[in-house]
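A.B. asks: Sharing a structure, written as structure tokens. Questions coming.
The values are calculated or read from the model by the stated rules, or taken from the named source; none is laboratory data. On a predicted model such as this, the values are computed, not experimentally measured, just so you know. Cβ: placed from backbone, ideal geometry, glycine included. Neighbour counts: every protein chain shown. Just the protein is used for accessible areas: all its heavy atoms, side chains included, with ligands, DNA and RNA removed. Shrake-Rupley method; radii C 1.70, N 1.55, O 1.52, S 1.80 Å.
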Amino acid sequence: MTDLLKLGVLISGSGSNLQSIIDQIEKGTLPAQIKIVVSNNPEAFGLTRAKKHGIPCAVLNHQDYLSREDFDRELIHVLQNAGVDLIVLAGFMRILTQSFLRAFESKIINIHPALLPAFPGTHVQQKAVDYGVKFSGCTVHFVDEGVDTGPIIIQSVVPVCLDDSAETLAARILEEEHKIYPQAIRYFAEGRIIKNGRRVEIKNMKNPDHTAMHNPPLDR
Ligand code: GAR
């Protein structure tokens, strides 16, 4: 049996992405193990989810630290002690410092609820609705020093409908997040990721579907 990929999952809120990872691990479809869940928010519901599955948790309340550097120093310590191979940001709403990025070079991934490079940052489902884009989606990417700028691993596209609110669009996107995040982690666990500058190649991939999508649909 191959070694399980050891994950450190960082959260700030509901933790539905964390749940999708837990579910796939428990189903046996993701050869990984969550060594620790860390939240910067003591009230995060994701902590309850983790505890229910017997996963060790740590709370590092950012308000208890004088600077980002102090907070990240402790975060590095906790994650190194847990012996993690990959850091998975799952709704973690903190910007990480250079020291953190250096400590886990090419080992930090994030999920973002938009089709990057469109709509980086926050409140992005509202921004997509307001802009009038016809498609949005979600992106799993490596974390670099920019905000949502790192090399892209996998994306999923969803239509944006005229009657969408930020909430209905967010729900449609979240359903896809729960599919692509475990998939991206599986690529790591299976050693299938080759990062070449900005371009990420997945080894032994199925042929991509070349069918175009249209929204609104073509008349014929
Ligand atoms: C998800 O939509 C995730 O993409 C987003 O926060 C939500 C967390 O949901 N992350 C970001 O916006 C990061 N910039 P969850 O706590 O239910 O997984």
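A.B. asks: Does ILE185 fit the bill of being assigned to a helix (DSSP H, G or I) and out of contact with any Gly (no Cβ under 6 Å at 6 or more places or on another chain)? Can you show your working first?
C.D. replies: Values: assigned to a helix (DSSP H, G or I): yes; out of contact with any Gly (no Cβ under 6 Å at 6 or more places or on another chain): yes.
Answer is yes for this residue.
A.B. asks: Can you pull out the residues in the stretch 173-202 that are open to solvent by 70 Å² or more (accessible area, probe 1.4 Å) and either closer than 22 Å to GLN33 by Cα or within 15 Å of the ligand (Cβ to nearest atom) (or both)? Steps first, please.
C.D. replies: Filtering the stretch 173-202 down to residues open to solvent by 70 Å² or more (accessible area, probe 1.4 Å) leaves 175, 179, 190, 195-196, 198-199, 201.
Those that are open to solvent by 70 Å² or more (accessible area, probe 1.4 Å) and either closer than 22 Å to GLN33 by Cα or within 15 Å of the ligand (Cβ to nearest atom) (or both): GLU175, LYS179, GLU190.
Quick grid of which residues meet (1) over 24 Å from ILE180 (Cβ atoms); (2) without any contact (Cβ under 8 Å) to a residue 40 or more places away in the chain; (3) within 10 Å of the ligand (Cβ to nearest atom):
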residue: LYS6; (1), (2), (3): no, no, no
residue: GLY13; (1), (2), (3): no, no, yes
residue: ILE22; (1), (2), (3): no, yes, no
residue: GLU26; (1), (2), (3): no, yes, no
residue: LEU30; (1), (2), (3): no, no, no
residue: ILE34; (1), (2), (3): no, yes, no
residue: GLU43; (1), (2), (3): yes, yes, no
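A.B. asks: Among what's in the stretch 159-172 and is of a type outside the set (Gly, Ala, Ser) and surrounded by 15 or more Cβ atoms within 10 Å (Cβ to Cβ), pick the residue that is farthest from ASP130 (Cα to Cα). Before you say what the answer is, go through the steps one by one.
C.D. replies: Of the stretch 159-172, the ones of a type outside the set (Gly, Ala, Ser) are 159-164, 167-169, 172.
Subset that is surrounded by 15 or more Cβ atoms within 10 Å (Cβ to Cβ): 159-160, 164, 169, 172.
Details: PRO159: 14, VAL160: 11, ASP164: 10, LEU169: 12, ARG172: 17 Å.
Here the residue is ARG172.
A.B. asks: Would you confirm, using the coordinates I've provided, whether LYS134 is open to solvent by 10 Å² or more (accessible area, probe 1.4 Å), within 16 Å of the ligand (Cβ to nearest atom) and within 20 Å of GLU175 (Cβ to Cβ)?
C.D. replies: Working: open to solvent by 10 Å² or more (accessible area, probe 1.4 Å): yes; within 16 Å of the ligand (Cβ to nearest atom): no; within 20 Å of GLU175 (Cβ to Cβ): yes.
So LYS134 fails the test.
A.B. asks: Which is among the acidic types (Asp, Glu), open to solvent by 20 Å² or more (accessible area, probe 1.4 Å), within 16 Å of the ligand (Cβ to nearest atom) and over 16 Å from ASN17 (Cβ atoms), of GLU105, GLU145? Explain how you work it out, then say what you get.
C.D. replies: Working: GLU105 fails: within 16 Å of the ligand (Cβ to nearest atom).
When all the criteria are applied, what remains is GLU145.
A.B. asks: Here's something else I'd like to know. Would it be correct to say that ALA170 is over 13 Å from the mean Cα position of the chain (by Cα), aliphatic (A, V, I, L, M) and within 11 Å of the ligand (Cβ to nearest atom)?
C.D. replies: Working: over 13 Å from the mean Cα position of the chain (by Cα): yes; aliphatic (A, V, I, L, M): yes; within 11 Å of the ligand (Cβ to nearest atom): yes.
When the stated conditions are applied, ALA170 passes them.
A.B. asks: Restricting the search to the stretch 48-66, which residues are closer than 14 Å to PHE92 by Cβ, small (Gly, Ala, Ser) and without any contact (Cβ under 8 Å) to a residue 24 or more places away in the chain?
C.D. replies: Correct list: ALA58 only.
A.B. asks: Any residue in the stretch 145-174 that's among the charged types (D, E, K, R): show its pairings with residues that are away from the ligand (no atom under 14 Å from the Cβ) at Cβ separation under 9 Å, as long as the two are six or more apart or on different chains.
C.D. replies: GLU145/GLN98; GLU145/LEU101; ASP164/VAL129; ARG172/PRO159; ARG172/VAL160; ARG172/CYS161; ARG172/ASP164
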